[in-house]
């Protein structure tokens with residue numbers, strides 16, 4: 001089901017709206033990004049799966065181009081809002097909370113299942129602990145970070161992490177605490 005959900009249906013209308021106050025012709029800017037995407041894709045390291053490149057190249061190229069136009073801080077905030085909104089929608093669909101009861105057991109089972117495929121299936125993780133009261137995983141390889149760093153935009157990595165924060169902290173807010181093990 002999650003693979004059928006198209007995140008672009010959420011992010012595509014939001015991005016021009018977010019750009020309206022920053023660019024005179026936001027749709028023209030986005031069209032230019034799409035038309036020049038092929039050149040950018042040729043610079044992407046071939047070690048990344050084609051499906052990941054297809055998914056991440058346009059958002060990365062828009063971010064790089066947007067940084068040049070309006071600066072790093074505003075570009076980051078625009079991409080943060082757009083990707084956090086779209087990514088949270090995707091995760092909610094993946095966890096299928098409409099058809100599965102929201103409880104700790106289903107949450108941990110869905111997290112394991114989602115890490116075996118889908119958008120995060122390229123990452124590597126290990127289960128540190130799984131009990132009725134605690135579920136701990138350790139991501140040992142984050143391909144999104146590798147991709148962003150390779151593209152010269154490592155500042156995009158925290159946005160992907162914030163998607164997890166938003167989803168996991170809202171799943172069972174009165175019963176479960178999500179913690180990344182760092183500050184905040």
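Annotations for the structure displayed:
Quick grid of which residues meet (1) within 22 Å of residue 54 (Cα to Cα); (2) at pLDDT 90 or above:
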site: 96; (1), (2): no, no
site: 113; (1), (2): no, no
site: 117; (1), (2): yes, no
site: 121; (1), (2): yes, no
site: 138; (1), (2): no, no
site: 143; (1), (2): yes, yes
site: 156; (1), (2): yes, yes
site: 167; (1), (2): no, no
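- Number of the exception - residue 47 against (1) surrounded by 17 or more Cβ atoms within 10 Å (Cβ to Cβ); (2) more than 30 Å from residue 129 (Cβ to Cβ): (1)
- Top-ranked residue in the stretch 142-177 [being under 15 Å from the mean Cα position of the chain (by Cα) and not in a helix (DSSP H, G or I); ranked as farthest from residue 62 (Cα to Cα)]: 142
Condition check ((1) surrounded by 13 or more Cβ atoms within 10 Å (Cβ to Cβ); (2) at pLDDT 95 or above; (3) in contact with a helix residue (DSSP H, G or I) (Cβ under 8 Å, 6 or more places away or on another chain)) across all residues:
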{"residue": "2", "(1), (2), (3)": "yes, no, yes"}
{"residue": "7", "(1), (2), (3)": "yes, no, yes"}
{"residue": "13", "(1), (2), (3)": "no, no, no"}
{"residue": "19", "(1), (2), (3)": "yes, yes, yes"}
{"residue": "29", "(1), (2), (3)": "yes, yes, yes"}
{"residue": "56", "(1), (2), (3)": "yes, no, yes"}
{"residue": "63", "(1), (2), (3)": "yes, yes, yes"}
{"residue": "68", "(1), (2), (3)": "no, yes, no"}
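- Per the listing 181, 117, the residue uniquely under 20 Å from the mean Cα position of the chain (by Cα) and on the phi > 0 side of the Ramachandran plot is 181.
- Some residue of the stretch 149-169 being farther than 30 Å from residue 66 by Cβ, surrounded by 17 or more Cβ atoms within 10 Å (Cβ to Cβ) and touching a helix residue (DSSP H, G or I) at 6+ places or on another chain (Cβ under 9 Å): no
- Enumeration of residues in the stretch 121-133 that are without any contact (Cβ under 8 Å) to a residue 24 or more places away in the chain and touching a strand residue (DSSP E or B) at 6+ places or on another chain (Cβ under 9 Å): 123, 124, 125, 126, 127, 128, 129, 130
- Cβ separations smaller than 6 Å between residues 6+ apart or across chains give the following pairs from the stretch 148-169 residues that are farther than 23 Å from residue 46 by Cα to residues that are at pLDDT below 95 and outside any helix (DSSP H, G or I): 168/178; 169/178.
- Members of the stretch 122-145 found to be touching a helix residue (DSSP H, G or I) at 6+ places or on another chain (Cβ under 9 Å), within 30 Å of residue 47 (Cβ to Cβ) and exposed (fewer than 15 other Cβ atoms within 10 Å of the Cβ), listed by number: 124, 127
- Flag for residue 74 being under 22 Å from the mean Cα position of the chain (by Cα), under 21 Å from residue 158 (Cα atoms) and surrounded by fewer than 18 Cβ atoms within 10 Å (Cβ to Cβ): yes
The values are calculated or read from the model by the stated rules, or taken from the named source; none is laboratory data. Just so we're clear, the structure is a prediction, and the values are computed from it rather than from any experiment. Quick reminder, even Gly has a Cβ in these numbers, built from the backbone with ideal geometry, and neighbours come from all protein chains shown.
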